[in-house]
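Okay, so here's the structure we're looking at.
The values are calculated or read from the model by the stated rules, or taken from the named source; none is laboratory data. Remember, it's a predicted structure, so these values are computed and weren't measured experimentally. Heads up, the Cβs are rebuilt from the backbone with ideal geometry, glycines too, and the neighbour counts pull from every protein chain shown.
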Amino acid sequence: MGESVELPSRLAILPFRNKVLLPGAIIRIRCTSPSSVKLVEQELWQREEKGLIGILPVRDSAETATSGAAVSSGVGGESAERGLKNQAGISDTHKLDSKNQQEVIHWHNRGVAARALHLSRGVEKPSGRVTYIVVLEGLCRFNVQELSTRGTYYTARVTSLDMNKAVMELIEQDQEFIALSRQFKATAMELISILEQKQKTGGRTKVLLETVPVHKLADIFVASFEISFEEQLSMLDAVDVKIRLSKATELVDRHLQSIRVAEKITQKVEGQLSKSQKEFLLRQQMKAIKEELGDNDDEEDDLVALERKMEGAGMPASIWKHALRELRRLKKMQPQQPGYNSSRVYLELLADLPWEKASQELELDLKAAKERLDADHYGLSKVKQRIIEYLAVRKLKPEARGPVLCFVGPPGVGKTSLASSIAAALDRKFIRISLGGVKDEADIRGHRRTYIGSMPGRLIDGLKRVGVRNPVMLLDEIDKTGSDVRGDPASALLEVLDPEQNKTFNDHYLNVPFDLSKVVFVATANRMQPIPPPLLDRMEVIELPGYTPEEKLKIAIRHLIPRVLDQHGLSSDFLQIPEDMVKLVIQRYTREAGVRNLERNLAALARAAAVKVAEQEHLVPFAKDVQRLSSPLLDGKLAESAEVEMEVIPMGVNNHEISSAFMAASPMVVDEPMVEKVLGPPRYDDKETAERVANPGVSVGLVWTAVGGEVQFVEATSMAGKGDLHLTGQLGDVIKESAQIALTWVRARATELKLAISEETNLLEGRDIHIHFPAGAVPKDGPSAGVTLVTSLVSLFSKKRVRADTAMTGEMTLRGMVLPVGGVKDKVLAAHRYGIKRVILPERNLKDLVEVPATVLSSLEIIFAKRVEDVLDHAFEGGCPWRQHSKL
Ligand code: ADP
């Protein structure tokens, strides 16, 4: 390749349509046209030594770019213009009319001389046409001086465009040439490295760079690229080596860039493609397996059913669109695909939600509502009145969104059952949403579906369960929601309760708005303080303070006992619980503000009675009109017994009939031994307080807890020590401070109180004080134990017992003032429950007594204290020790 070529003055010309052969390039062509076959035959095949031919590009007028090496002879025929003069310099191309093809052929005026490296001859069957396959190597550029025909093909008079050695040597000294060739080599080197890396070939190409002259290299490189015909021509025309080098550098560089870009793209695409192809393949396999197993139909049927259910859900148009989109996505998925199930569960929820299903909103009958409330609940007249007012407003202006009712009170006072009575009065469905312990906003609003195991919030879930869009929804224990790092449930609730915002309540899981404006919200809470003020602002608080023993008795007789008997398949014909036994249960077994434990204990009595029924079965004569029932049916419900075949209860036989079937001659009456047998030994008795204050140092306080008021004892004792104060019983900071204040006050008044002989005496000399608040498992805090603490300390130091019938509450200052406290009503009720007869209260709490039921007040002696001395005066039998002294 390195040697210069001796070019004959005339060359047979093989036209290349829209294709250039550059020096150094090797090309394989197939000659089929008569003219080119002739040319090959005469110029190459039949010659002894291999001759040269000229390759001349032609551009056909249609400019159909034929790539590839096969050259069909675009020209031919004797009629072609002969002796065409070269007009190089004026025009780059020669024009030639071809009669056969009726087209103008543009000859380029520069070509490349080529030699055949290999020749093979073939005969086409059945036509017998001869064809040649020729491998050609481009050698050097030439200029066409004159084009003429020889038989069927062309020849041209040519001059070489190659530089001779001397000129070449001169150019090699040229600085510009040196710079250009260095730049070209560097770019070429880079390209080679990339290609070798890709193809993992050895460094053979690199050797070329070292051995071949750079101007030839330029041609070789460019020849291997796929570039446009125009670019090929301009490369062919670059006779000047400097121009050739810079052109080649540009092309090599472009090629390099395109390889890099292509590589980047393939890297990206490859990953995705192979993954999706793999999935596709697996899915196809799965489909085939399923078809084989006959599994496919189920899934499809399911989806059809789902779609039908969705259609019937009455979603608003925008939501329906959204649901359809999701359904389409689901249909494209395979059941085993991740996301299939979550998508399905989501659509099921959309289909289940009551978008338009609602309980019929009937004209509200206030009289019936009042009767209903009265029938369900004893007492609570104020509360019932308020509910009726609420319902009346709803009746007059159904769309008016009054405040949400919130029942506040200790457990078991009827908050839930009042809410369900409201639902019954409105003829709506009732759903209770428990908010106790909800700390996460997502519990209200749901988790976004991107989370694994995401769920809708409790409200949306509740609506799905209740199945109508206008139920009465009870937000139970709204005071037990707390905020922490996981968001603020209260703020989500605020949105729920806001009539402006709840039309478009947005559950994160649902991700489409749901209209809550038709829901009637009712809330309950044990205490008001923990409810965030903005939330409280939306609600109208109705307090239920708890019941007196008398009220409990009435509730038990009128409501609880009939209900309990009914629940156990019994009736009063069979079991009777006399009033004094109910009283006994109230006094000795329950000391709660509500009636929940009372109901539980009554149920225990009913259960025990039912067992007796089962035991007596064989003695019982059956009523005539009731079919004989097998015992196991009852046993299953009541007690364990021998094995007998199961039988179904005939329709129309209700619980009462069952019990009447076993009715004994006279009803069973609950008596004290039975109460003790069933409920165990009494849990509380009236003597408890007396026993506990039998020793000096113990006083009786009244405290306020989430379950209402409570009686709380304070015990103080002293022992040899260094004057330290120990406190136990799960106490908060405030109560600890109260203890310090109480001790300081007592020490300061030691002589006055006759606890010390002189002012100088240290009451704590050689002594430690220990104060304990029993019920150590219950956390306690608050300032209202102040007076109780002082009383127990004075009792301890004076060695005088406090009165067992007196309980107290009140905050104290260091100087002995008694300050008012909260929860007076609950505390007084608690004192009453515990059988306390006298209650000492801060004077400024007088106003709170209006809330206490009159029956309770009439059974208690209420003493008001302004100063701690007043408290002490009434806490001890016969007054305070020092007062006695001062009287003397
Ligand atoms: P809460 O929600 O306040 O904790 P519930 O509403 O669950 O209490 O009441 C507990 C039980 O006591 C229920 O069976 C309820 O019917 C009954 N109950 C409470 N107060 C009354 C009342 N005034 N009259 C009749 N039954 C009552």
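Being of a type outside the set (S, T, Y), over 29 Å from L426 (Cα atoms) and under 43 Å from the mean Cα position of the chain (by Cα) holds for only one residue in P578, P530, and it is P530. Residues in segment 561-587 that are out of contact with any helix residue (DSSP H, G or I) (no Cβ under 8 Å at 6 or more places or on another chain) and more than 14 Å from the ligand (Cβ to nearest atom): how many? The qualifying residues number 3. Which one is farthest from G412 (Cα to Cα) among residues in segment 717-753 that are part of a strand (DSSP E or B) and within 53 Å of the chain's Cα centre (by Cα)? Selected residue: L725.
So, in segment 508-560, how many residues would count as being under 30 Å from M581 (Cα atoms) and within 11 Å of the ligand (Cβ to nearest atom)? Residues meeting the conditions: 13. For M473, the stated conditions do not hold, so it cannot be described as surrounded by fewer than 16 Cβ atoms within 10 Å (Cβ to Cβ), within 16 Å of the ligand (Cβ to nearest atom) and not small (G, A, S).
Here the helices (runs of 4 or more DSSP H) wholly within segment 508-619 that include at least 3 residues being touching a residue at least 60 places away in the same chain (Cβ under 8 Å) are 549-555, 579-589, 596-615. V438 falls short on exactly one of the conditions (1) without any contact (Cβ under 8 Å) to a residue 60 or more places away in the chain; (2) crowded, with 19+ Cβ neighbours inside 10 Å; (3) within 16 Å of the ligand (Cβ to nearest atom); (4) not in a helix (DSSP H, G or I), and that condition is (3). I need a count of the residues in segment 369-383 that are among the acidic types (D, E) and within 9 Å of the ligand (Cβ to nearest atom). Going through segment 369-383 one residue at a time, the tally reaches 1. Please list, ordered by first then second residue, the pairs with beta carbon atoms under 8 Å, 6 or more apart or interchain, first in segment 373-398 and closer than 18 Å to T416 by Cβ, second modelled with pLDDT under 85 and within 12 Å of the ligand (Cβ to nearest atom). So the pair list comes out empty. Kindly establish whether V345 is within 30 Å of I319 (Cα to Cα), buried (at least 18 other Cβ atoms within 10 Å of the Cβ) and under 32 Å from the mean Cα position of the chain (by Cα). In short, no.
Looking only at segment 384-419, which residues are near the ligand (Cβ under 9 Å from one of its atoms) and in contact with a helix residue (DSSP H, G or I) (Cβ under 8 Å, 6 or more places away or on another chain)? F407, G409, P410, P411, G412, S417, L418 - these are the residues of segment 384-419 that are near the ligand (Cβ under 9 Å from one of its atoms) and in contact with a helix residue (DSSP H, G or I) (Cβ under 8 Å, 6 or more places away or on another chain).
The residue of segment 410-435 that is farthest from E361 (Cα to Cα), among those that are in a helix (DSSP H, G or I) and not hydroxyl-bearing (S, T, Y), is K415.
When P499 is tested against (1) more than 28 Å from G414 (Cα to Cα); (2) over 24 Å from the mean Cα position of the chain (by Cα), exactly one condition is not met: (1).
Would you mind finding the one in L793, L727, L753 that is in contact with a Pro (Cβ under 7 Å, 6 or more places away or on another chain) and not polar (S, T, N, Q)? It is L753.
Pairs linking a residue in segment 24-51 that is of a type in the set (A, V, I, L, M, F, W, C) to a residue that is part of a helix (DSSP H, G or I), with Cβ atoms under 6 Å and 6 or more positions apart or on different chains, are A25/A223; C31/V37; C31/V40. Inclusion of S318 among residues that are within 16 Å of the ligand (Cβ to nearest atom), loosely packed, with under 15 Cβ neighbours inside 10 Å and of a type in the set (G, A, S) is not warranted. Of all residues in segment 835-848, those satisfying the criterion of being modelled with pLDDT of 90 or more and of a type in the set (A, V, I, L, M) are V839, I840, L841, L846. Counted as qualifying within segment 150-254 are the helices (runs of 4 or more DSSP H) with 1 or more residues that are among the hydroxyl-bearing types (S, T, Y), namely 175-199, 204-211, 229-237.
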